[in-house]
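Peer 1: Take this structure, written in structure tokens, and hold onto it; I'll ask about it next.
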């Protein structure tokens, strides 16, 4: 996503991490530290500047971000100041012509690029917006997106209520955006908080069933399509389990999630491409790749059997909310395009691939 607005991000990482007991930005999550994840997630086309405000262990944080397109700013009062002080340092480091900027604490590594993109889209959609607040089930989360009209007010504020107090004059100009999962609320304040973040990270971007159903309904997917997807999900589970018994490296949870989401944009032309685009905007890249293959499977997916083949086959064994044979599933389409050799041959090839996979995986 590209935007006409010049947009920045301020990541505040100058805290003492007293409740954690270790410096939060340098905690390892997979192969990277928290601060590296945060910079990576903010490095999207719609954002031109990333400012990281540091205090304690500034040299170590700088080393982790070496070579990244970020500006590192030191909050020299980090031991005696609050987050608002770091926000002010970040604002001063942004270009004067910045149109809007995100503010996020430096211990929220599960906030995805999609969150930034969707918030900026919300901001652009209403010319009167000055602030966009992301929420989950009514609770305010991060990041917060602030327009340039608020910039000086934040810098001038000297009260005791932090950023919330600085933005109080703009309360009527706040737009809220409901997010589909709780990652926008999750910071690493304590060891228990960080353990939960690690568990979700290791789940590797696979949304749960309740979250998926929420996504489908918020995207106004008709119930008949949801019912079809539930049938495909059940088939994907059975096929995945059979595939693993036969030695194929298939992630059942990933296949089932993709099966539930494969028709998220079925009401649009080229729904497999539109669905993949939609899931990428939500941060689910692995699911997007599977959805791209569920209509016409690629030769690579046939040769390297994984979740793509599972969902493709599961979908071909279902007509609406009924499990059917491949002959019944393909008959109508073959008759429909019998006088269009190009499309007919693609459908015929699809059926042949499904028959091959059925013998291997069922």
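Peer 1: Which residues, taken from the range 222-255, are outside any helix (DSSP H, G or I) and on the phi < 0 side of the Ramachandran plot?
Peer 2: At the first step, the residues of the range 222-255 found to be outside any helix (DSSP H, G or I) are 222, 246-251.
Within the range 222-255, 222, 246, 248, 249, 250, 251 meet the criteria.
Peer 1: Is at least one residue of the range 256-268 closer than 30 Å to residue 23 by Cα and loosely packed, with under 14 Cβ neighbours inside 10 Å?
Peer 2: Within the range 256-268, not a single residue is closer than 30 Å to residue 23 by Cα and loosely packed, with under 14 Cβ neighbours inside 10 Å.
Peer 1: I'd like the residue in the range 204-215 that is over 13 Å from the mean Cα position of the chain (by Cα) and over 13 Å from residue 255 (Cα atoms) and, out of all such residues, is surrounded by the fewest Cβ atoms within 10 Å (Cβ to Cβ).
Peer 2: Here the answer is 210.
Peer 1: A further question follows. crowded, with 16+ Cβ neighbours inside 10 Å and out of contact with any helix residue (DSSP H, G or I) (no Cβ under 7 Å at 6 or more places or on another chain), is that true of residue 185?
Peer 2: For residue 185, the condition - crowded, with 16+ Cβ neighbours inside 10 Å and out of contact with any helix residue (DSSP H, G or I) (no Cβ under 7 Å at 6 or more places or on another chain) - is met.
Peer 1: Any residue that is in contact with a strand residue (DSSP E or B) (Cβ under 6 Å, 6 or more places away or on another chain) and part of a helix (DSSP H, G or I) - is there at least one of those in the range 40-51?
Peer 2: There is at least one residue in the range 40-51 that is in contact with a strand residue (DSSP E or B) (Cβ under 6 Å, 6 or more places away or on another chain) and part of a helix (DSSP H, G or I).
Peer 1: Just to be sure I understand, how many residues within the range 283-316 are in a loop (DSSP other than H, G, I, E, B) and either without any contact (Cβ under 8 Å) to a residue 12 or more places away in the chain or surrounded by fewer than 24 Cβ atoms within 10 Å (Cβ to Cβ) (or both)?
Peer 2: Residues that pass the stated criteria total 9.
Peer 1: Given the options 247, 275, name the one that is at pLDDT below 95 and either surrounded by fewer than 17 Cβ atoms within 10 Å (Cβ to Cβ) or within 20 Å of residue 222 (Cβ to Cβ) (or both).
Peer 2: 247
Peer 1: Here is a follow-up. Counting only residues that are touching a helix residue (DSSP H, G or I) at 6+ places or on another chain (Cβ under 7 Å) and either on the phi > 0 side of the Ramachandran plot or surrounded by 12 or more Cβ atoms within 10 Å (Cβ to Cβ) (or both), how many does the range 329-347 have?
Peer 2: Of the residues in the range 329-347, the ones touching a helix residue (DSSP H, G or I) at 6+ places or on another chain (Cβ under 7 Å) are 329-330, 333-334, 337-338, 344, 347.
In the following step, the residues that additionally are either on the phi > 0 side of the Ramachandran plot or surrounded by 12 or more Cβ atoms within 10 Å (Cβ to Cβ) (or both) were identified as 329-330, 333-334, 337, 344, 347.
Number satisfying all stated conditions: 7.
Peer 1: Could you tell me whether residue 74 is modelled with pLDDT under 95, surrounded by fewer than 17 Cβ atoms within 10 Å (Cβ to Cβ), in contact with a helix residue (DSSP H, G or I) (Cβ under 6 Å, 6 or more places away or on another chain) and more than 30 Å from residue 279 (Cβ to Cβ)? It would help to see each step written out before you state the result.
Peer 2: Working: modelled with pLDDT under 95: yes; surrounded by fewer than 17 Cβ atoms within 10 Å (Cβ to Cβ): yes; in contact with a helix residue (DSSP H, G or I) (Cβ under 6 Å, 6 or more places away or on another chain): yes; more than 30 Å from residue 279 (Cβ to Cβ): yes.
So residue 74 fits the description; yes.
Peer 1: Tell me which residues, restricted to the range 184-197, are more than 16 Å from the chain's Cα centre (by Cα) and assigned to a helix (DSSP H, G or I).
Peer 2: 191, 192, 193, 194, 195, 196
Peer 1: Going by the conditions given, is residue 323 surrounded by fewer than 23 Cβ atoms within 10 Å (Cβ to Cβ), over 20 Å from residue 221 (Cβ atoms) and at pLDDT 95 or above?
Peer 2: Yes.
Peer 1: Can you confirm whether residue 80 is over 24 Å from the mean Cα position of the chain (by Cα), assigned to a loop (DSSP other than H, G, I, E, B) and at pLDDT 95 or above?
Peer 2: So residue 80 fails the test.
Peer 1: Same structure again: Taking only the range 155-182 into account, find how many residues are in a loop (DSSP other than H, G, I, E, B) and farther than 30 Å from residue 217 by Cα.
Peer 2: Result for the range 155-182: 5.
Peer 1: If residue 174 passes every condition in (1) surrounded by fewer than 19 Cβ atoms within 10 Å (Cβ to Cβ); (2) under 30 Å from residue 261 (Cβ atoms); (3) free of Cβ contacts under 8 Å to residues at least 60 places away in the same chain; (4) touching a strand residue (DSSP E or B) at 6+ places or on another chain (Cβ under 6 Å) but one, which one does it miss?
Peer 2: (2)
The values are calculated or read from the model by the stated rules, or taken from the named source; none is laboratory data. Source: prediction; values computed, not measured. In this analysis, Cβ positions are derived from the backbone assuming ideal geometry, glycine residues included, and neighbour counts consider all displayed protein chains.
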